[in-house]
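First up is the structure itself, then whatever we jot down about it.
Every number in this text was worked out from the coordinates using simple rules, so none of it is lab data. Quick caveat, the model's predicted, so the values are computed rather than measured. Cβ coordinates were reconstructed from backbone atoms using ideal geometry, including for glycine residues, and neighbour counts include every protein chain displayed.
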Amino acid sequence: MTALIDRRALLRGTAALGGTAALAPWFPAWAQPVSAGIVRPLPIVSGEDIRLRIAHQMMTIDGRTSHAIGINGTVPAPLVRLREGQNVRLHVENALDEDSSIHWHGLILPFHMDGVPGISFPGIKPRSTFTYEFPIQQAGTYWYHSHSGLQEQLGHYGPIVIDPAGEDPIRSDREHVIVLSDHSEMHPHIIFRKLKQQGGYFNFQKQTLADLLRGEGQSAKERLEWGKMRMDPTDVSDVTGSTYSFLVNGHGPRDNWTGLFTPGERVRLRVINASAMTTFNVRIPGLKLTVVQSDGLNVRPVTVDEFQIAVAETYDVIVEPADDRAYTLVGESVDRSGMARATLAPREGMAAEVPPLRPRPLADMKDMGMGDMSGMDHGAMAGGGAGAAATSGGCAPEHAAMGHCTPAPVTNSAGSMAGMDHSSAVQDAAGGAMAGMNHSMRDFSVAPEVKKTPTVQTISPMPMDRTGEPGQGLADVGHKVLVYRDLMAVDRNPDLRAPDRAMQIHLTGNMERYMWAFDGEKLNEVKEPIPFLKDERVRVTLVNDTMMGHPIHLHGHFFELVTGHGEYAPRKHTVQVQPGGTVTFDVTTDAVGDWAFHCHMLYHMHAGMMQVVTVRPRGGDDA
């Protein structure tokens, strides 16, 4: 028999709990009541010899227990704390009944220690131990994870902090490592199977007739046009809060993981996105965030209210809470289907108001690779192709490499073809442009390097550099959001040569069949690796032909984003390529060996969006 709820009693209970009450089990996790707060620092391992044991375990999230794969009995795995200049030996025991591995994400090391089965080593066999040994040549915030199957989704990941050999130039009184991740009680192979059966299986935020009647979302005309192209503007995340719990240091929103501070302190937050599939938008209402490091390398401080962190990226930020009160750390999923939540507080047991989820974003014309429809000169872009679009204002590559170009101003999406802007002018522009899109969204003549395979559902007709824009859905939030062009390196880049050559790589996919690839070829279809010579200087332009962001990671190297900062260009190991966008970077291939190159969305990589980069010594050089 269904229990009846007395409305007055419910409201009295809500008031008694300060308005944050456990209203009912159907409320989302972030709206449920929280515990007093878990103040539990991550376990730490350090030294010259470190032992790690990979094994099955159970983990409890928001009071629910599920299966996981952890290391040394914890999820996330222990914090590996090292020092620049030391030599480390990591003895990794695989207690599973299947092969496993550990990849040291972002670390510069010999390729045979990189930890990718089938590329750099054979993997760690069941019931065996493998010893990784390498010198520590860098400092900063990094992480480690499995590169075997879908183990990473089950909890096989952990943070790395490397302290500099000398004094740390980033001053702080206290620090907290913040590991963001996603977890599902559904087995990852079942998740993948459901995605193969229906690309939007986990999307519970599709547009409805009720939305249309309320005047929300796209107009009827836009819906019909998008329907003709079999495209869904709400398809922002493959796997959503309908099956995921979003975690901070292994704890759900109701667990309320809490990091302590003393008012007036400079607190350093080392934020790592160790999720399988989730891009997070991170903010702390009431506090400014000063970004001081990106992907482990120091950047000139830039103060923002919010930043988007793609899968596998890391950002270090400084916050300075002056008041004796709690603050909520919000990690909102990019599609707004849920959030990771934690608390910064001066004492245990405190909590702050948790903001509601913001309205979910809709993909727009830019996300379709149709550029800025508000008056951008598409003639220059069409003539120069995606590579030309990726340089600043059509600047020659040799000048851009030396920082002699000023990035072209980026039009705010409120003045472009944003899905939420329904002015008649914008609708007319969109309708005119979309009228012929059915036969131009798969035009291989604009991308001759792309193979004509079923993996290519669309090719962006007018992709554009979006490194000066906030991430998807953040253009109109009303406060400062970090963009890639804000980032500048503290130190001059080690290689200031102009590129020897340039190449273009398309990120392709077929959502209906859930196939992902580079240039239309999945990993199992590629006959040869991408070749480089040692110490080559190469300009790479990534062109996103899909309507989903892709975090692209190159193993064993850092690359410099071409964003107009020349010799102080930010260096990264992972970069988010926004839907319908391009990213250009320069890389010096100084590490001989075979290296993985892939999208860090776990199921995208598993479906084929991965290749091998081979760096060979030049004639007469030593390997």
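Calculate the dipole size of segment 522-623 relative to its Cα centre from +1 charges on Lys and Arg beta carbons and -1 charges on Asp and Glu beta carbons; express the result in debye to the nearest 20.
Values: 9 positive and 12 negative charges, 37 e Å.
For this selection, approximately 180 debye.
Which of 161, 95, 144 sits farthest toward the positive end of the charge dipole of segment 44-168, with +1 on the Cβ of Lys and Arg and -1 on the Cβ of Asp and Glu?
95
Taking the Cβ-Cβ separation of residue 60 and residue 131 as r and a Förster radius of 35 Å, what is the calculated FRET efficiency to the nearest 0.05?
Values: r = 32 Å, r/R0 = 0.92.
Approximately 0.60, to the nearest 0.05.
Under a cut-off of 20 Å between alpha-carbon atoms, report the aspartates and glutamates in cross-link reach of residue 527, not counting same-chain residues fewer than 8 places apart.
Result set, ordered by chain and number: 449, 519, 594.
With labels modelled as points extended 7 Å from the Cα through the Cβ direction, what inter-label distance (nm, one decimal) is found for residue 288 paired with residue 512?
Calculated label separation equals 5.1 nm.
If you plug each phi of segment 550-557 into the Karplus form 6.51 cos²θ - 1.76 cosθ + 1.60 with θ = phi - 60°, what whole-Hz ³J(HN,Hα) values come out, in order, with x for Gly and Pro?
10, x, 9, 10, 10, 6, x, 9
Go through 259-269, 326-336, 43-53 and give me the packing order, highest mean Cβ count within 10 Å leading.
Numbers: 259-269: 17.5, 326-336: 23.5, 43-53: 14.5.
Answer by packing, highest mean first, reads 326-336, 259-269, 43-53.
For the pair residue 320 and residue 197, how long in nm is the line joining their label points, each one 7 Å along Cα→Cβ?
Distance between the two pseudo-spin positions: 5.5 nm.
Sort 565-574, 283-292, 458-467 by packing, meaning the average of other beta carbons within 10 Å per residue, with the highest value first. Before the final figure, lay out each step's value.
Numbers: 565-574: 21.6, 283-292: 18.4, 458-467: 25.9.
Final packing ranking: 458-467, 565-574, 283-292.
Which whole-Hz ³J(HN,Hα) couplings does segment 261-268 yield from phi under the Karplus relation 6.51 cos²θ - 1.76 cosθ + 1.60, θ = phi - 60°, glycine and proline marked x?
8, 10, x, x, 6, 8, 10, 9
Ordered by residue, what ³J(HN,Hα) values in Hz, to whole numbers, does segment 238-252 give under the Karplus form 6.51 cos²θ - 1.76 cosθ + 1.60, where θ = phi - 60° and Gly and Pro are x?
Calculated HN-Hα couplings, in order: 5, 10, 10, x, 5, 10, 8, 9, 9, 10, 10, 6, x, 10, x Hz.
Is the C-alpha gyration tensor of segment 444-580 telling us rounded, prolate or oblate? Criteria: a/c under 1.5 is rounded; beyond that, a/b larger than b/c is prolate, otherwise oblate.
On the way: a/c = 2.17, a/b = 1.19, b/c = 1.82.
Cα axes put segment 444-580 in the oblate bin.
Give the lysines reachable from residue 572 as a straight Cα distance under 25 Å; neighbours fewer than 8 places away on the same chain don't count.
288, 366, 480, 522, 534
Test of understanding: what is the full-extension gain from residue 443 to residue 40, defined as 0.36 nm times their sequence separation minus their Cα-Cα distance? Don't skip to the end; give the middle numbers.
On the way: separation 403, 0.36 × 403 = 145.08 nm, distance 5.38 nm.
The residue 443-residue 40 span can extend by a further 139.7 nm.
Using amide H atoms built in the peptide plane, which far-off residues or other-chain residues are under 5 Å from residue 533 H to H?
616
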